[in-house]
1. Which semi-axis lengths, in whole Å and largest first, follow from the square roots of five times the eigenvalues of the Cα gyration tensor of region 150-200?
2. Considering only DSSP beta bridges with both partners in the chain, what is the antiparallel share in %, to the nearest 5?
3. Counting alpha carbon pairs within less than 8 Å and at least 6 residues apart, what relative contact order, in whole percent, applies to region 69-119?
4. Keeping the other protein chains in place, figure out the carbon and sulfur percent of the accessible area of the chain, with a 1.4 Å probe.
5. Please determine, in degrees from 0 to 90 and to the nearest 10, the orientation of helix 134-146 with respect to the longest principal axis defined by the Cα atoms of the chain, where the helix direction is its Cα long axis.
6. If each DSSP helix of 4+ residues adds -39,500 (n - 2.57) and the sum is divided by the residues in the chain, what number results at 222 nm, nearest 500 deg cm²/dmol?
7. Pairs of Cα atoms under 8 Å, at least six residues apart: use those to get the relative contact order of the chain, whole percent.
8. Need one number: % antiparallel among DSSP beta bridges in region 87-308, to the nearest 5.
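The values are calculated or read from the model by the stated rules, or taken from the named source; none is laboratory data. As the structure is a prediction and not an experimental result, all values here were calculated from the model. Note that we place each Cβ from the backbone using ideal geometry, even for glycine, and neighbour counts take in every protein chain shown. What goes into the accessible areas is simple: the full protein's heavy atoms, side chains included, and nothing from ligands, DNA or RNA. Shrake-Rupley method; radii C 1.70, N 1.55, O 1.52, S 1.80 Å.
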Amino acid sequence: MNDAQEAVRLDATDPLPTLRDAFHIPPAPGGTYAEAAYFAGNSLGLQPKSAARWVTEELEDWSRLAVAAHTKGRRPWVDYHELAREPYARLVGALPHEVVAMNSLTVNLHLMMATFYRPSGDRTRIVIEDSAFPSDSYAVRSQAVHHGLDPRRTVVRLRPREGEEHLRTEDVIDYLEREGWHVALLLLGGVNYLTGQLMDMPAITKAGRAAGAVVGWDLAHAAGNVPLRLHDWDVDFAAWCSYKYLNSGPGAVAGCFVHERHGRDAALPRLSGWWGTDPATRFEMRPEISPPASADAWQVSNPPILALAPVLASLEIFDRVGMDALRAKSERLTGYLAARLEGVRGLELLTPADPAMRGCQLSIRVPDAAGVVERLAATAGVIADAREPDVVRLAPAPLYCTFEDCHRAGAALRATLDVQPHG
Ligand SMILES: Cc1ncc(COP(=O)(O)O)c(C=O)c1O
């Protein structure tokens with residue numbers, strides 16, 4: 001059996017058969033293949049076929065019922081965000097009242113920091129990773145400025161050791177033990193957007209909280225990628241977007257987690273709006289807010305129904321599969337792709353080799369990343385993305401990527417880099 005036949009066999013016999021048919025797979029550029037081998041789900045996930053129905057039903061209710069759809073639609077808009085609550089809670093390992101679907105990711109990070117970044121005395125620092133996504137860097141710097149602090153002194157960027165690519169858990173913990181009394185907020189990516197490193201969230205959260213800091217996680221690359229237990233890990237807050245692994249469409253409504261110990265605390269300062277008051281009295285139009293004892297207290301505006309409908313379509317799929325089964329498949333698929341990349345000369349794996357330290361993304365360092373991505377698409381219909389100057393990211397999202405896709409990507413990379421296997 002050759003490698004291509006082996007990939008077909010793996011697809012046919014995997015304990016979790018692909019859900020590819022539930023998604024619109026884009027046509028392959030280049031003309032050789034009918035369908036793309038899509039490895040950019042870490043950037044924008046594919047469209048579930050059911051999404052159109054969910055959106056269309058809301059458009060229909062709008063045309064048929066107009067304002068009455070708020071209360072009389074088939075899914076009344078006034079409570080529409082409630083439909084995401086239980087599936088989001090299952091996805092991130094939270095109690096239902098600890099999660100809420102709202103806004104977009106960076107906005108949610110700001111809303112969280114408005115409450116949880118309370119610099120005082122010697123405890124003013126915000127700690128992020130040096131390779132944090134730029135939006136997070138901008139957000140934390142602007143938070144420091146809002147408190148009248150100098151971001152150059154307030155924001156600490158943790159770097160891997162000299163000559164290493166990944167932050168070591170023990171180094172993060174060591175920093176927190178030494179300098180933790182200065183740290184007001186620790187805000188890291190659960191899975192790093194560039195390297196694909198999966199952080200040891202429970203250990204780091206524990207160390208951060210023991211040091212007296214608030215611990216928040218940006219789960220943009222973790223939600224829908226790896227199993228999460230935010231409640232049990234005692235995370236203070238977390239936020240994620242839903243357009244990557246959650247396949248909910250560009251700019252779709254994001255998610256937010258606030259641990260119940262904070263949800264219960266009505267005295268916390270928040271940036272408030274009318275959707276953050278108790279729904280039982282919301283329409284009494286009182287000037288004072290009565291926040292519910294839940295993450296909902298951080299809602300500001302009424303939800304954008306048309307941007308939330310595809311989230312519900314997608315979460316239905318995640319509920320059908322379950323994160324544990326998906327993670328198991330993801331490890332098989334990513335391990336297979338990693339094996340296809342082994343021995344390709346001129347290619348360096350940036351992502352940890354240990355499956356426990358990564359999600360499904362493999363980042364590779366190659367010369368001329370943008371050119372490689374273009375050639376992968378043109379020659380083999382393989383869609384990946386480049387991060388300048390030398391990183392190509394490939395994410396075999398396990399809901400719709402197949403072993404055959406991985407085989408195709410490996411072969412295309414080998415051909416693209418025009419190198420021979422070692423030995
Ligand atoms: C790790 C991370 N954080 C934040 C963002 C910004 O997300 P948004 O534009 O939804 O606020 C992204 C976007 O890709 C991201 O990857």
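1. Calculated on Cα positions only, the semi-axes equal 19, 13, 11 Å.
2. 55 percent
3. 22 percent
4. 55 percent
5. 20 degrees
6. -11500 deg cm²/dmol
7. Reported relative contact order: 23 percent.
8. On the way: 9 of 24 bridges.
Percentage antiparallel, nearest 5: 40.
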